[in-house]
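**Student:** Have a look at the structure that comes next, please.
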Ligand SMILES: N[C@@H](CCC(=O)N[C@@H](CS)C(=O)NCC(=O)O)C(=O)O
């Protein structure tokens with residue numbers, strides 16, 4: 001991995017701690033919540049995606065798809081500076097760095113990674129598209145098909161989570177980076193998209209209990225508002 005420079009537009013004032021480049025969206029919240037939960041020191045920088053900060057040439061160097069979140073850890077393995085984008089990769093990196101919120105045992109670890117990739121491959125993209133058509137495009141399109149398609153898929157995914165959480169406090173065993181990756185998206189549907197009633201979220205009782213349990217954690221409460229506008 002080649003070492004990157006700190007972007008001059010978001011110059012660190014504490015260059016010895018992890019630099020977080022983010023905004024308080026579900027994908028961004030995951031990382032600030034994890035950093036808080038793990039007790040790591042970090043310096044947050046707001047990347048305002050509404051103003052296309054994520055396309056800044058200095059930022060694209062270490063987040064090539066122009067998305068938040070990203071981090072630069074000035075003191076990674078072997079003392080090397082590490083830059084990472086993609087929230088799942090960052091969560092695994094932070095968990096490995098601290099030995100927290102992801103088991104080391106191979107098969108337990110793979111079960112966590114399975115659910116983490118389920119979040120990345122399904123929950124993030126489909127909840128995000130649902131929000132686009134429900135919150136931002138509703139009433140602006142002639143065709144109901146996009147909203148119907150994403151509503152159906154989000155309800156299916158909520159059903160998968162509800163079944164998985166039957167008799168469980170968390171998605172795998174103990175609280176982990178998997179829960180941190182998912183709850184911001186479920187909260188986003190209920191709160192930011194304001195779709196709790198529309199999606200009949202009250203009927204997913206296990207999901208509701210879990211998101212309350214997770215959302216009340218002090219690190220979650222603190223982390224979710226980091227890099228707010
Ligand atoms: N797979 C990526 C998705 C990141 C992502 O979609 N971030 C959104 C905010 S939630 C973003 O940066 N959007 C800005 C854009 O698309 O220009 C991850 O998990 O980090």
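The values are calculated or read from the model by the stated rules, or taken from the named source; none is laboratory data. Keep in mind the model is a prediction, meaning the values are calculated, not measured. Glycine gets a Cβ as well: all are built from the backbone with ideal geometry, and neighbour counts include every protein chain shown.
**Student:** All but one of (1) closer than 25 Å to residue 103 by Cα; (2) surrounded by fewer than 17 Cβ atoms within 10 Å (Cβ to Cβ) hold for residue 136; which doesn't?
**Tutor:** Of everything listed in (1) closer than 25 Å to residue 103 by Cα; (2) surrounded by fewer than 17 Cβ atoms within 10 Å (Cβ to Cβ), residue 136 misses just condition (1).
**Student:** Taking segment 94-108 only, how many residues are surrounded by 16 or more Cβ atoms within 10 Å (Cβ to Cβ) and out of contact with any helix residue (DSSP H, G or I) (no Cβ under 7 Å at 6 or more places or on another chain)?
**Tutor:** Residues meeting the conditions: 1.
**Student:** Among the residues of segment 24-43, which ones are in contact with a helix residue (DSSP H, G or I) (Cβ under 7 Å, 6 or more places away or on another chain) and either more than 17 Å from residue 91 (Cβ to Cβ) or more than 10 Å from the ligand (Cβ to nearest atom) (or both)?
**Tutor:** 32, 33, 34, 35, 36, 37, 38, 40, 42
**Student:** Still on this structure, I have one more. Return the residue satisfying two criteria in turn: it lies in segment 198-213 and is in contact with a helix residue (DSSP H, G or I) (Cβ under 8 Å, 6 or more places away or on another chain) and free of Cβ contacts under 8 Å to residues at least 40 places away in the same chain, and of such residues it is surrounded by the most Cβ atoms within 10 Å (Cβ to Cβ).
**Tutor:** The selected residue is 211.
**Student:** Does residue 129 count as surrounded by fewer than 20 Cβ atoms within 10 Å (Cβ to Cβ) and either touching a residue at least 12 places away in the same chain (Cβ under 8 Å) or outside the structural domain of residue 152 (by TED's automatic domain parsing) (or both)? Step through it out loud before you land on a result.
**Tutor:** Working: surrounded by fewer than 20 Cβ atoms within 10 Å (Cβ to Cβ): yes; either touching a residue at least 12 places away in the same chain (Cβ under 8 Å) or outside the structural domain of residue 152 (by TED's automatic domain parsing) (or both): yes.
Spelling it out, residue 129 is indeed surrounded by fewer than 20 Cβ atoms within 10 Å (Cβ to Cβ) and either touching a residue at least 12 places away in the same chain (Cβ under 8 Å) or outside the structural domain of residue 152 (by TED's automatic domain parsing) (or both).
**Student:** Now for a different question. Can residue 140 be described as at pLDDT below 95 and more than 19 Å from residue 189 (Cα to Cα)? Step through it out loud before you land on a result.
**Tutor:** On the way: at pLDDT below 95: yes; more than 19 Å from residue 189 (Cα to Cα): yes.
So residue 140 passes the test.
**Student:** In segment 44-85, what residues are over 20 Å from the mean Cα position of the chain (by Cα) and either loosely packed, with under 13 Cβ neighbours inside 10 Å or near the ligand (Cβ under 8 Å from one of its atoms) (or both)?
**Tutor:** Keep residues of segment 44-85 that are over 20 Å from the mean Cα position of the chain (by Cα), which gives 51, 56-58, 61, 74-81.
Those that are over 20 Å from the mean Cα position of the chain (by Cα) and either loosely packed, with under 13 Cβ neighbours inside 10 Å or near the ligand (Cβ under 8 Å from one of its atoms) (or both): 51, 57, 77, 78, 79, 80.
**Student:** Turning to a different aspect of this structure: Scan segment 158-169 residue by residue and report those that are more than 15 Å from residue 123 (Cα to Cα) and surrounded by 17 or more Cβ atoms within 10 Å (Cβ to Cβ).
**Tutor:** Answer for segment 158-169, where residues must be more than 15 Å from residue 123 (Cα to Cα) and surrounded by 17 or more Cβ atoms within 10 Å (Cβ to Cβ): just 165.
**Student:** Also, I was wondering about something else. Only one of 49, 18, 72, 31 is under 23 Å from residue 127 (Cβ atoms) and touching a strand residue (DSSP E or B) at 6+ places or on another chain (Cβ under 7 Å); which? Spell out the reasoning first.
**Tutor:** On the way: 49 fails: touching a strand residue (DSSP E or B) at 6+ places or on another chain (Cβ under 7 Å); 18 fails: under 23 Å from residue 127 (Cβ atoms); 72 fails: under 23 Å from residue 127 (Cβ atoms).
Criteria check complete, one pass: 31.
**Student:** Further, regarding this structure: When residue 191 is evaluated against the numbered criteria (1) within 16 Å of residue 124 (Cα to Cα); (2) in contact with a helix residue (DSSP H, G or I) (Cβ under 9 Å, 6 or more places away or on another chain), which criterion, by number, is the only one it fails?
**Tutor:** Going through the list (1) within 16 Å of residue 124 (Cα to Cα); (2) in contact with a helix residue (DSSP H, G or I) (Cβ under 9 Å, 6 or more places away or on another chain), residue 191 breaks only (2).
**Student:** Oh, and also: Just one of the numbered conditions (1) at pLDDT below 95; (2) closer than 30 Å to residue 16 by Cβ is not true of residue 69; which one?
**Tutor:** So residue 69 meets the others, but not (1).
**Student:** Of the residues that make up segment 145-157, is at least one surrounded by 15 or more Cβ atoms within 10 Å (Cβ to Cβ), more than 21 Å from the chain's Cα centre (by Cα) and at pLDDT 95 or above? Walk me through it before giving the result.
**Tutor:** To start, the set of residues in segment 145-157 that are surrounded by 15 or more Cβ atoms within 10 Å (Cβ to Cβ) comprises 146-147, 150-151, 153-155, 157.
Now drop any that are not more than 21 Å from the chain's Cα centre (by Cα), which leaves 146-147.
Next, only the ones that are at pLDDT 95 or above stay: 146-147.
So far as segment 145-157 goes, yes, one or more of its residues are surrounded by 15 or more Cβ atoms within 10 Å (Cβ to Cβ), more than 21 Å from the chain's Cα centre (by Cα) and at pLDDT 95 or above.
**Student:** Would you mind stating whether residue 138 is within 30 Å of residue 76 (Cα to Cα) and free of Cβ contacts under 8 Å to residues at least 60 places away in the same chain?
**Tutor:** Numbers: within 30 Å of residue 76 (Cα to Cα): no; free of Cβ contacts under 8 Å to residues at least 60 places away in the same chain: yes.
No; evaluated as a whole, the condition is false for this residue.
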